[in-house]
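The values are calculated or read from the model by the stated rules, or taken from the named source; none is laboratory data. Computed from a predicted model, the values in this text were never measured in an experiment. Here the Cβ positions follow ideal geometry from the backbone for every residue, glycine too, while neighbour counts run over all protein chains shown.
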Amino acid sequence: MATDTTTVEHADRSGLPDGLWRVDGRASNTFLVADGDGDDAALYLVDAGVPGDAGAIRAAVSNAGYDLGDVDGVLLTHYDYDHVGSLAELPELDCPVYAAEPDASFLDGTEKPGLWPHKALLQRVLGAFLDDPALPVERVADGDAVGSFTAYHTPGHGPGHLAWVSEARGVAFLGDLVREDDGALTASPWYISYDGSEVRDSVRSLDDRAPDFTTACVGHGDPISSDGREALASLAASLRE
């Protein structure tokens, strides 16, 4: 059962709702979320930082009152060096990784990113420095649910990018579809994406389809702990102009 500590090393809950922790990673955000209340709540890790973040993840989980063996699944937003990097360094994990294709195949090594566009080539090069995690990879598609979280296919930054949204928990994990800048959401820039136009389409599509939520968690930048849904709607509106 999680403790109620709000300030712990490697785990930041400043302004975040109960049952949600942000891991202090080196290059990107990793999150831990309890999907429910009480001892029976499922526990999910969302993404896994860069290689070398395993210590911070392990400490955050421990300081939240859990063991890595308590984690019921990893909700992957997408395959990138800075989002899957520590999975192979966490042998205590004994759970599936939920990911969409083709990112799922990139992760388990059955397929490699292509040579084009530039982002695919970058994934291919950096992937050579990653070990395949010894974890089962469960393929999910748009609309599939894991616990109270629904997967929304939001390609553009990457072909298999997902946003994970739980209306029941009031939280959305938006990965690198967007990033936080000065309290607002901005679309993932073209130079770190497969297709900037598709990113913008995905932001608008997610705004059209996603339920209400309060907290928007992003891969880069600070979580928007209140009015997260409004921040997404504001960005989508600006992309419709």
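Looking at (1) crowded, with 21+ Cβ neighbours inside 10 Å; (2) more than 21 Å from residue 78 (Cβ to Cβ), which is the one condition that is false for residue 199?
With (1) crowded, with 21+ Cβ neighbours inside 10 Å; (2) more than 21 Å from residue 78 (Cβ to Cβ) applied to residue 199, the lone miss is (2).
As an exercise: evaluate residue 201 against (1) farther than 17 Å from residue 98 by Cβ; (2) in a loop (DSSP other than H, G, I, E, B); (3) not hydroxyl-bearing (Ser, Thr, Tyr) and give the number of the one condition it does not meet.
Residue 201 satisfies all of (1) farther than 17 Å from residue 98 by Cβ; (2) in a loop (DSSP other than H, G, I, E, B); (3) not hydroxyl-bearing (Ser, Thr, Tyr) except (2).
Being touching a residue at least 40 places away in the same chain (Cβ under 8 Å) and either within 17 Å of residue 96 (Cα to Cα) or crowded, with 24+ Cβ neighbours inside 10 Å (or both) is the filter here; which residues of the range 31-44 pass it?
So in the range 31-44, the residues touching a residue at least 40 places away in the same chain (Cβ under 8 Å) come out as 31, 33, 35-36, 42, 44.
Scanning the range 31-44 gives 31, 33, 35, 42, 44.
Give the residue that is surrounded by the most Cβ atoms within 10 Å (Cβ to Cβ), with candidates limited to residues of the range 53-91 that are in a loop (DSSP other than H, G, I, E, B), more than 13 Å from the chain's Cα centre (by Cα) and charged (D, E, K, R). Can you show your working first?
Narrowing the range 53-91 to residues in a loop (DSSP other than H, G, I, E, B): 53, 64-67, 71-72, 76-80, 85-86, 90-91.
From what's left, more than 13 Å from the chain's Cα centre (by Cα): 53, 64-67, 71-72, 86, 90-91.
Narrowing the set further to residues that are charged (D, E, K, R) leaves 53, 67, 72.
On the way: 53: 26, 67: 11, 72: 16.
Of everything passing the filter in the range 53-91, 53 is surrounded by the most Cβ atoms within 10 Å (Cβ to Cβ).
What is the residue count in the range 147-187 for residues that are among the charged types (D, E, K, R) and within 21 Å of residue 117 (Cβ to Cβ)? Step through it out loud before you land on a result.
Residues of the range 147-187 that are among the charged types (D, E, K, R), as a first pass: 167, 169, 176, 179-182.
Remaining after also requiring within 21 Å of residue 117 (Cβ to Cβ): 176, 179.
Total satisfying the criteria: 2.
Please work out if residue 151 is aliphatic (A, V, I, L, M), at pLDDT 95 or above and surrounded by fewer than 19 Cβ atoms within 10 Å (Cβ to Cβ).
On the way: aliphatic (A, V, I, L, M): yes; at pLDDT 95 or above: yes; surrounded by fewer than 19 Cβ atoms within 10 Å (Cβ to Cβ): no.
No.
Go through the range 120-169 and give me each residue that's among the hydroxyl-bearing types (Ser, Thr, Tyr), assigned to a loop (DSSP other than H, G, I, E, B) and in contact with a Lys or Arg (Cβ under 9 Å, 6 or more places away or on another chain). Break it down into steps so the answer makes sense when it comes.
Within the range 120-169, the subset among the hydroxyl-bearing types (Ser, Thr, Tyr) is 148, 150, 152, 154, 166.
In the following step, the residues that additionally are assigned to a loop (DSSP other than H, G, I, E, B) were identified as 148, 154.
Selection gives 148 alone.
Could you count how many residues in the range 204-220 are touching a helix residue (DSSP H, G or I) at 6+ places or on another chain (Cβ under 8 Å), in a loop (DSSP other than H, G, I, E, B) and either of a type in the set (Val, Ile, Thr) or surrounded by 17 or more Cβ atoms within 10 Å (Cβ to Cβ) (or both)?
4
Identify all residues within the range 109-130 that are without any contact (Cβ under 8 Å) to a residue 40 or more places away in the chain and buried (at least 16 other Cβ atoms within 10 Å of the Cβ); write none if there are none.
113 - this is the single residue of the range 109-130 that is without any contact (Cβ under 8 Å) to a residue 40 or more places away in the chain and buried (at least 16 other Cβ atoms within 10 Å of the Cβ).
Here's a check for you: in the range 1-40, which residue that is among the small types (Gly, Ala, Ser) and more than 26 Å from residue 161 (Cα to Cα) is modelled with the lowest pLDDT?
2
Considering only the range 186-201, I want to know if a residue exists there that is under 16 Å from the mean Cα position of the chain (by Cα) and closer than 24 Å to residue 43 by Cβ.
The answer is no, given that none of the residues of the range 186-201 is under 16 Å from the mean Cα position of the chain (by Cα) and closer than 24 Å to residue 43 by Cβ.
In the range 170-185, what residues are part of a loop (DSSP other than H, G, I, E, B) and either over 16 Å from the mean Cα position of the chain (by Cα) or surrounded by 20 or more Cβ atoms within 10 Å (Cβ to Cβ) (or both)?
Initial filter on the range 170-185 (part of a loop (DSSP other than H, G, I, E, B)): 170, 174-177, 182-183.
Across the range 170-185, the qualifying residues are 174, 175, 176, 177, 182, 183.
Residues are listed down the side, and each one gets a yes or a no for (1) farther than 20 Å from residue 103 by Cβ; (2) free of Cβ contacts under 8 Å to residues at least 40 places away in the same chain:
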{"site": "156", "(1), (2)": "no, no"}
{"site": "164", "(1), (2)": "no, no"}
{"site": "176", "(1), (2)": "no, no"}
{"site": "179", "(1), (2)": "no, no"}
{"site": "188", "(1), (2)": "no, yes"}
{"site": "195", "(1), (2)": "no, no"}
{"site": "207", "(1), (2)": "yes, yes"}
{"site": "230", "(1), (2)": "yes, yes"}
{"site": "239", "(1), (2)": "yes, no"}
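For residues that are in a loop (DSSP other than H, G, I, E, B) and over 11 Å from residue 136 (Cα atoms), scanning just the range 92-104, find the one that is farthest from the chain's Cα centre (by Cα). Outline the logic, then answer.
Here is the first cut: in the range 92-104, the ones in a loop (DSSP other than H, G, I, E, B) are 92-96, 100-102.
After this cut, where a residue has to be over 11 Å from residue 136 (Cα atoms) as well, the list is 92, 100-102.
Working: 92: 20, 100: 12, 101: 15, 102: 16 Å.
The qualifying residue farthest from the chain's Cα centre (by Cα) is 92.
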